Amino acid sequence: MPSPPPLPGSQQSDLRLSIATALDGRIADAVRVSLYSRESQSGKWVELSHGDAKERETTFVITYEFARARTLRFLVQDPKTNRFLGFVDVAESDVVQGNETCLALISSPPDDLQVAACTSASSQAASITVRATPLMDSLEPRTLVRLVLKADGLPKMDIGGKADPYFKIFKHDSPARDSWIEVFKSDVIKNTLEPTWKPTEIEFQAICDSDPGNELKVELWDWDMASSHDYIGSALVTLSQIEESSPLELQITNEKKKAKHSDYTNSGRLVFEPIEYLGRTTFHFSEHLRDLDLAISIAVDFTSSNGKPSDPASLHHTDPGLGLCSAYEDALNLLLADTPLTHFNHDGKITAFGFGARFPDGNAPPMFPLNGNFKDSHCVGLEGLLESYRKVLTEVSFFGPTNMAPLVELVAGWAKKKVDKYRPHILGKYSVLIILTDGEITDLKPTTAALVRASSLPMSVVVVGIGKRDVEWEELEKLDADGQVLQTDRGDKAVRDVLQFVKMSDFEADREAFRRTVLEEIPDQIMSYCKLKGLRPKELRY
């Protein structure tokens, strides 16, 4: 069944990387930075681009794809002598989800990359700061930021005991952050110590270079007709701070007065009313990357059709002594070992359940935590998950059935609780449930109903078919309703597609393609949820 077309920008995103290199703590204005990429641990490094610093900054454009696990390498040299200054490797996902990423450079050349032009290593302490921002060309129309400022408690500046205040907004003119550039100047309000300026609308790109985490300086001045204007004071702020604490109150500080008078407190108070963003109602997946925090849940099939673990033909057969992992372990490694799922799983915890097993006391629960802890079913990372999985293999007998509705309902309940009621327009935790199974589903109707209910929640479900058995997957194919609306027998319809079904056996010759296929629909599903709920990026507004 053909997949629906992706939402704009959900599969690939063009990002601009702005790079400032520091040597011995100072921003260098004469370096050459080369950018390489590698798509897997066994892959080769490929040079994407290189460039010399211009105005103390090197800029590259890359295409980011969520489903692709890629490592970036930054190699820094002296452009005149080709002297090696350092390099660093970093996961692409780590770069694109942070406001700025500061990376310490390794001072010895990498062994796995021939750098013929490098003549010697540098003893200088070096680092690079990388800032990733989506390209504006694909994000029209640009957003306007509407700010409302007022002040009170200003000092008396004129003979009449009042002031004629106005304000200026400045941003840093480069990643070095060593100078300011003016981006806005307000009108003057005459004869007051408690001004409220009319709403100010500034293009988002112009005020903060498309990054609300960038620091701004607001200066207050007293207008004079016959002489130079008098400086009142200033305050530092970011758009993110204004958004998170509206109204936001800041002290106005006059640095010279503070240094001169020990009893100086402030020169008044600056107040920012709630911020507004105008001009766009739809957003790009790359704009949500900084908000994205995935809650990962794994469910493993322990039904009898898998075969006993002691049988070499079993899908659960494992022999650590021979370095042999089971088919389920193989899938878990491909999906969770240094992949985008774990890169965006900020707390490093993975919820893990089993289903279809029977315990020695005869109990056959619809599901059970792999770690045995019903109060806290989290495993710490992939290693913790695999450890719990191997332990369960020695404690249960394989039974049945292959019921998935309880799993979907459990994760849906968590997803509902994680919806941020205090910030209803911002994406918070997004849950991804991955079900690994070897056979056909046995509760199609209840699972269909559970998926329909879950379609309004921040979650996705991926079902992975394990093994080479001649299994007919017709029921799961029905659930993977690409291009069709999933609905129950009662006529209840899903508001969006939340399920992806992938057969692992289809990718025996290309394991990387398997992982990418499992992940490729998640960006579309995240964006469809954001569109459904009218969510806007917290950190990026264009």
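Once every DSSP H run of n ≥ 4 in the chain is given -39500 (n - 2.57) and the sum is divided by its residues, what mean residue ellipticity at 222 nm do you get, rounded to the nearest 500 deg cm²/dmol?
-5000 deg cm²/dmol
With a sphere of radius 12 Å drawn around the Cβ of Asp492, what net charge do the other residues whose Cβ falls strictly inside it have (Lys, Arg +1; Asp, Glu -1)?
+3
Can you tell me the order of 159-172, 315-328 when each peptide is scored by its average per-residue count of other Cβ atoms within 10 angstrom, highest first?
Descending packing order for the listed peptides: 159-172, 315-328.
Rank the residues Ile426, Ile181, Ile232, Ile275 as a footprinting-exposure proxy: fewest other Cβ atoms within 10 Å of their Cβ go first.
Ranking Ile426, Ile181, Ile232, Ile275 by Cβ neighbours within 10 Å, fewest first, gives Ile181, Ile426, Ile275, Ile232.
Starting with the fewest neighbours, write out Glu521, Glu474, Glu276 ranked by other beta-carbon atoms found within 10 Å of each beta-carbon.
Glu474, Glu276, Glu521
Sort 486-492, 498-504 by the packing proxy (mean of other Cβ within 10 Å over each peptide's residues), most packed first.
Descending mean neighbour count gives 498-504, 486-492.
Residue by residue through the range 507-524, what is 3J(HN,Hα) from phi via Karplus (6.51 cos²θ - 1.76 cosθ + 1.60, θ = phi - 60°)? Round to whole Hz and write x for glycine and proline.
10, 4, 8, 8, 5, 5, 5, 4, 4, 5, 5, 4, 8, 5, 8, 4, x, 4
To the nearest 0.05, how large is the calculated FRET efficiency for Ala337 and Ala513 if R₀ is 22 Å and r is the Cβ-Cβ distance?
0.85
Along its three principal axes, how long is the chain when you only count alpha carbons? Whole Å, largest extent first please.
Reported extents, whole Å, longest axis first: 93, 65, 45.
So, R0 is 41 Å and r is the distance between the beta-carbons of Val419 and Asp158; what FRET efficiency does that work out to, to 0.05? It would help to have the intermediate numbers written out before the result.
Numbers: r = 52 Å, r/R0 = 1.28.
Using R0 = 41 Å, I get an efficiency of 0.20.
Find out how many positive minus negative residues lie around Asn82, taking Lys and Arg as positive, Asp and Glu as negative, among other residues whose Cβ is under 14 Å from that of Asn82.
Computed value for this residue: +1.
Provide the FRET efficiency to the nearest 0.05 for the Tyr264-Ile106 pair, computing r from the beta carbons and using R0 = 51 Å.
Taking R0 as 51 Å, the efficiency between Tyr264 and Ile106 is 0.65.
Amide H to amide H under 5 Å from Phe501: which residues, 5+ apart in sequence or cross-chain, H placed 1.01 Å off N in plane?
For Phe501, whose amide H was placed from the backbone, the distant partners under 5 Å are Val463.
Calculate the radius of gyration of the Cα atoms of the range 285-533 to one decimal place, then report Dmax, the largest Cα-Cα distance, as a whole number, both in Å.
Reported Rg and Dmax, both Å: 17.4, 53.
Can you list residues whose amide H is under 5 Å from Gly233's amide H, if they're 5+ apart or on another chain and H is modeled 1.01 Å from N?
Placed amide hydrogens put Leu220 under 5 Å from Gly233.
Can you compute 3J(HN,Hα) from phi for each residue in the range 312-318, using the Karplus curve 6.51 cos²θ - 1.76 cosθ + 1.60 with θ = phi - 60°, rounded to whole Hz and x for Gly and Pro?
Result, ordered by residue: x, 7, 5, 6, 9, 6, 9 Hz.
Lys308: which lysines have alpha carbons under 25 Å from its alpha carbon, excluding same-chain residues fewer than 8 sequence positions away?
Lys391, Lys468, Lys503
Would you mind computing, in nm to one decimal, how far apart the modelled labels at Lys198 and Val61 are, each placed 7 Å from Cα along Cα→Cβ?
It is 3.8 nm.
In square nanometres, what is one fourth of the surface area of the convex hull spanned by the alpha carbons of the range 302-442?
Approximately 9.5 nm², given one-decimal rounding.
Measure up Lys150/Lys531; Lys217/Lys258; Lys198/Lys418 against 28 Å on the Cα-Cα distance and list the ones that go over.
The pairs that break the limit, which is 28 Å between Cα atoms, are Lys150/Lys531; Lys198/Lys418.
So if each residue of separation counts as 0.36 nm, and I subtract the Cα-Cα distance between Asp187 and Met225, what length gain in nm does that give? Don't skip to the end; give the middle numbers.
Values: separation 38, 0.36 × 38 = 13.68 nm, distance 1.42 nm.
Gain on extension, Asp187 to Met225, equals 12.3 nm.
Between Asp52 and Glu276, how many nm apart are label points set 7 Å from Cα along the C-beta direction?
Here the modelled spin labels are 4.9 nm apart.
Could you work out how far apart the two model spin labels at Asp376 and Glu472 are, taking each label as a point 7 Å from the Cα in the direction of the beta carbon, and quote it in nm?
It is 4.7 nm.
When the Kirkwood radius is taken over all Cα pairs of the range 144-278, what Stokes-Einstein diffusion coefficient follows at 37 °C and 0.692 mPa s, in µm²/s?
Stokes-Einstein gives a translational diffusion coefficient of 213 µm²/s.
Using Cα-Cα distances under 8 Å and only pairs 6 or more residues apart, what relative contact order does the chain have, in percent?
13 percent.
Just so you know, all these numbers are worked out from the coordinates, no wet-lab data involved. Just so we're clear, the structure is a prediction, and the values are computed from it rather than from any experiment. Cβ: placed from backbone, ideal geometry, glycine included. Neighbour counts: every protein chain shown.
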